[in-house]
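These notes are about the structure you will find just below.
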Amino acid sequence: MVPEVPPFEGKLQFIRKDVPFRAKPFPMAAVRLLPSIYYDAQQWNRGYMARLEADRLLYTFRANAGLPVGSAKPLGGWEQPENGQRSSELRGHFPGHFLSASALMYASTGDKDAKSKADYMVSELAKCQQKLGGKYLSAFPTTWWDRLEKGERVWAPFYTIHKIMAGMFDMYSLAGNTQALQVLEGMAAWADEWTGSKTEEHMQKILTVEYGGIAETLYHLAAATDNDRWARTADRYHKKTFVNPLALRRDELRGLHVNTHVPQVIAAARRYEISGDTRFHDVADYFFWEVTTARSYVTMGTSNAEAWLAPPRRLAAELKLSVNTAECCCAYNMLKLARHLYSWNPNPGYFDYYERSLLNHRIGTIRPKTGQTQYYLSLSPGVWKTFNTEDNTFWCCTGSGTEEYAKLNDSIYWYDNEGLYVNLFIPSELDWKEKGFKLRQDTKFPDSQSTTLTVTATRPGTLTMRLRVPVWLKSAPTVKINGKVLDASAAPGSYLTLRRTWNVGDKVDMELPMNLTVETMPDDPSIQAFLYGPLVLAGDLGGEGLTEAHIVGPNMRVGAPRAPQAGSNLPGQPDPFPMPDLEIPTFQAAGADPNSWIKPAGKPNTFRTTGQKRDVTLVPLNSLFDRRYSVYWQVS
Ligand SMILES: [Zn+2]
């Protein structure tokens, strides 16, 4: 036997060599959303972002730099400044997210107010950076770095710095703010000096404290400025105990904090793209496959009390360990990772995953109208959805939420030299300027079961359109061009390729017939969830006893009944908002086919169990708010 050598041994050497992409997403400015559930989510988020004042977002940065804070009221929650006993060591993270979200919102809608507010923040943050010496920029003092260096307790300073750096990069790359690039280069120089003064062994110890995706931003910066210095800095942020097993295709994820590690894998993906080093490719490829097939619930959410607590494929056991399942940041970051993998290998399977997560975990976790978002999408029986407060919460997921719902147009259409891919069924318009080609997608999917694509501008010549045929279809769908049924179609889980000379007014209709299916837990087939097409169904268990105080609040409570807490909630704390006891129904299936006992209930995507001791109405999880629900059921 040849002894195994860990793939990542010794110091990394960075040599720039860009890997050609096989598919690219259209720039966000080329795609606009039309009225839909996605458009609503974008607008609710836009409203929430507009209500947050720039001077409040800047408060802790100015205070930290010794600049006047004016009459602004500081933010609370995880943005709380030094104030007696209460302060948050994560302060400054949300304003970083906010810059990213503003840049994304500007790119996806052209919102000039969002851009000018974020431009103002960049210029004010630049003043804070100047006051602090021209490089370092944060909302907390440098003494925290001494604590990190000495191995003393401190809450994730690199994680927070990354959010600000990412915000600056997004403001530069998506909103054309060149001052943001200068600020970022200063921060990157500070990070280079700080990390460069440590031995590799010392850095590996430092990396046991959450540091998030800082390497990703540094690789982006290296690529954007053609300066390898930033990539060499980024190379110091690979935790070898994490990446070595992944590159060997080994799941050693149990016990790890999920959202600390997904961004590290996104950084590995970006490293591969600008160096061609296949070790990083393998890390990203295996990690994605393992998490999505062995560690994700039916919604495609992953994590439990922020961690992976059980061995792979033991999700029924995992679900019992905490009510805090499926952190929203994890879903956000896994979708980002999926985009990298798809660009290397445009396999429609990545979009089967993407669609399931987007429809069930992302669309369902923003509160209608207020735009407030969730921390966890709990899948424990009898829970309800909870949301952040207006200005007294600022969880990590509040930050990634503002980004998510500002970029819902970024993955619908992709392109290569042959033509375009239609990957998601979302009402939208595409303007492909280089080709003079415009396309409009009209659909009420998933409330209707078809989509229509209309060519609204074109130039002479042929162009290929590839339509994703979702894996959840039972058979090849009927496709019509200009009302005539095509002889050809394509199997579920592939692309239907249409290569032709397109004319203005050409219409493609694709049927998307949905079916009721059951998904069982890998380690307990009696624990089951139900889907209609890609929609995860939840049983409506009523709203008795639920008040606004249960639903919106600064805590991460997700509701009774409380399972033993493995994670962050303190044991034995009295619940200030008790809920009535709730008996969770169990089911006896009349047959293996769920259609034998779960019947349509007259409204779109709505069903009702039949023949049970207590029957339950099942609706899409993404449409259920202010009600208690269950997704997984005991079925015999
Ligand atoms: Zn989070």
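How much mean residue ellipticity at 222 nm does the chain get from its helices, if each DSSP H run of length 4 or more adds -39500 (n - 2.57) and you divide by all residues, to the nearest 500 deg cm²/dmol?
Helices in the chain give a 222 nm mean residue ellipticity of -11000 deg cm²/dmol.
Convex hull volume per residue, computed on the Cα atoms of region 23-112, equals 141 Å³. Other residues with beta-carbon under 15 Å from the beta-carbon of Tyr354 carry, at +1 per Lys or Arg and -1 per Asp or Glu, a net charge of +2.
The region of the chain that goes longest without hitting one of the GluC sites (Glu not before Pro) in a DSSP loop, each with at most 11 other Cβ atoms within 10 Å, is 153-543.
Answer rounded, prolate or oblate for region 389-530, using the Cα gyration tensor with square roots of eigenvalues a ≥ b ≥ c: rounded when a/c is under 1.5, else prolate when a/b is larger than b/c, else oblate. Walk me through the intermediate numbers first.
Numbers: a/c = 2.46, a/b = 1.31, b/c = 1.88.
It is oblate, given that a/c is not under 1.5 and a/b is not larger than b/c.
Label-to-label distance, Lys480 versus Thr208, with points set 7 angstrom from Cα along the beta-carbon direction: 6.5 nm.
Evaluated with a Cβ-only charge set (Lys, Arg +1; Asp, Glu -1), the chain carries a dipole of roughly 720 debye about its Cα centre, given to the nearest 20. Shape call for region 157-244 from the C-alpha gyration tensor, a ≥ b ≥ c root eigenvalues: rounded (a/c under 1.5), prolate (a/b greater than b/c) or oblate? Note, shape of region 157-244 comes out prolate. For region 59-75, 3J(HN,Hα) computed residue by residue from phi via the Karplus equation (6.51, -1.76, 1.60; θ = phi - 60°) reads 3, 5, 5, 5, 4, 5, 8, x, 9, x, 9, x, 9, 5, 8, x, 7 Hz, glycine and proline entered as x.
What FRET efficiency comes out for the pair Asn392/Thr178, r = Cβ-Cβ distance, R0 = 45 Å, nearest 0.05? With a Förster radius of 45 Å, E is 0.80.
Using R0 = 25 Å, the C-beta based FRET efficiency linking Glu252 and Glu193 works out to 0.15. Ranking Leu335, Gly545, Phe94 by Cα position along the charge dipole of the chain, where only Lys, Arg, Asp and Glu carry charges on their C-beta atoms, puts Leu335 farthest toward the positive end. Legend note: in the chain, cysteines whose Cβ sits 4.7 Å or more from every other cysteine Cβ are Cys128, Cys329, Cys330, Cys396.
Separation of region 274-341 and region 76-95 by C-alpha centroid, Å? When both Cα centres are located, 29 Å separates them. Overall form of region 75-144: oblate. Here a/c, set by the Cα gyration tensor axes a ≥ b ≥ c, is 1.5 or more, and a/b is not larger than b/c. Taking one equal scatterer on every alpha-carbon of the chain, how large is log10 of I(q)/I(0) by Debye at q = 0.07 1/Å? At q = 0.07 Å⁻¹ the computed log10 ratios are -0.44. With a cut-off of 9 Å between beta carbons, the residues surrounding Pro534 carry a summed charge of -1, where Lys and Arg count +1 and Asp and Glu -1.
Checking the Cα-Cα distances for Lys127/Lys336; Lys11/Lys198; Lys336/Lys407; Lys407/Lys507 against a 20 Å cut-off, the pairs over it are Lys127/Lys336; Lys407/Lys507. Multiplying the residue separation of Ser87 and Lys613 by 0.36 nm and removing their Cα-Cα distance gives an extension gain of 184.3 nm. With the gyration tensor restricted to C-alpha atoms of region 1-62, the semi-axes of the equivalent ellipsoid amount to 43, 25, 14 Å, longest first.
Close amide H pairs (under 5 Å, H built 1.01 Å from N) link Gly419 with Thr464, residues at least 5 positions away or on another chain. Computed with the Debye formula from one identical point scatterer per Cα of region 245-324, without solvent, the log10 of I(q)/I(0) at q = 0.14, 0.19, 0.23 Å⁻¹ comes to -0.46, -0.78, -1.05. For the chain, the longest piece that avoids every one of the trypsin sites (Lys or Arg not before Pro) found in DSSP loops with at most 12 other C-beta atoms within 10 Å covers 475-612. Taking label positions 7 Å along the Cα-Cβ direction at both Phe625 and Lys112, the computed distance is 3.1 nm, reported to one decimal.
None of the figures in this text is laboratory data; all of them are computed from the coordinates on show. The structure displayed is predicted, hence computed values, not measured ones. Glycine gets a Cβ as well: all are built from the backbone with ideal geometry, and neighbour counts include every protein chain shown.
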